[in-house]
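The values are calculated or read from the model by the stated rules, or taken from the named source; none is laboratory data. Given the structure is predicted, the values throughout are model-derived calculations rather than measurements. Please note: Cβ atoms are built from the backbone with ideal geometry, for glycine as well, and neighbour counts cover all protein chains shown. Keep in mind that these areas ignore ligands, DNA and RNA; they rest on the heavy atoms of the full protein, side chains included. Shrake-Rupley method; radii C 1.70, N 1.55, O 1.52, S 1.80 Å.
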Amino acid sequence: MLKILLDDAIVLRFLKDWPTGSSRQPNQEQGRGSFLTAFPNGLEACFSLMNLCFQKEVEGWIMSSSVPSLYAELESVVGPAEASQKIKDALNYLACLPLTEEHIRQAINGANDGKFIPDKLKILICKEFGLDYFITEHVDDLNEIEDIDSLPVQIVSAAKFLSNFRELQRKPPDR
């Protein structure tokens, strides 16, 4: 099963638009089509990605340090009770990667020209925990990382990941 780290912006976009009363996993009878049509604004890639996590077709992860900021952003939009419930429900389907002082030091020490790149920290943690993808809507911003091509983690947008995932699903299994 593919292991993916979701950027905070993707999770936040999903949680903000996750319809009230739908704070549980869509059931199998609903099917993916009806689940996706419930979300407006052309955010289908984000919601398809989260649905893969809900259906346990991929193993979805977020940074443990993201939870407080996700809550703060959600609270300002939907209120404290609903924000808490949405995060609690999402954590039924997304695991948290720990962030330690050593991870932070490693990312800072490896910074180009002393410039700290927060996403490099996420990529280092992906590598340490054996994740396959870091999914972000800011792929182009990561070109600053000098050794990005040598990393064992693929850095892609939600739409690109979905395309890759569908292609993998179409391939016949190796025998």
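Going by accessible surface with a 1.4 Å probe and the largest first, Asp8, Asp89 read Asp8, Asp89.
Seen from Lys3, the other residues with C-beta closer than 10 Å to its C-beta sum to a net charge of -2, counting Lys and Arg as +1 and Asp and Glu as -1.
Sorting check: for 63-75, 97-109, 119-131, which peptide has the highest mean count of neighbouring beta carbons within 10 Å, and how do the rest follow? Write down the numbers at each step before the final one.
Values: 63-75: 16.5, 97-109: 13.2, 119-131: 19.2.
In decreasing order of mean packing, 63-75, 97-109, 119-131 become 119-131, 63-75, 97-109.
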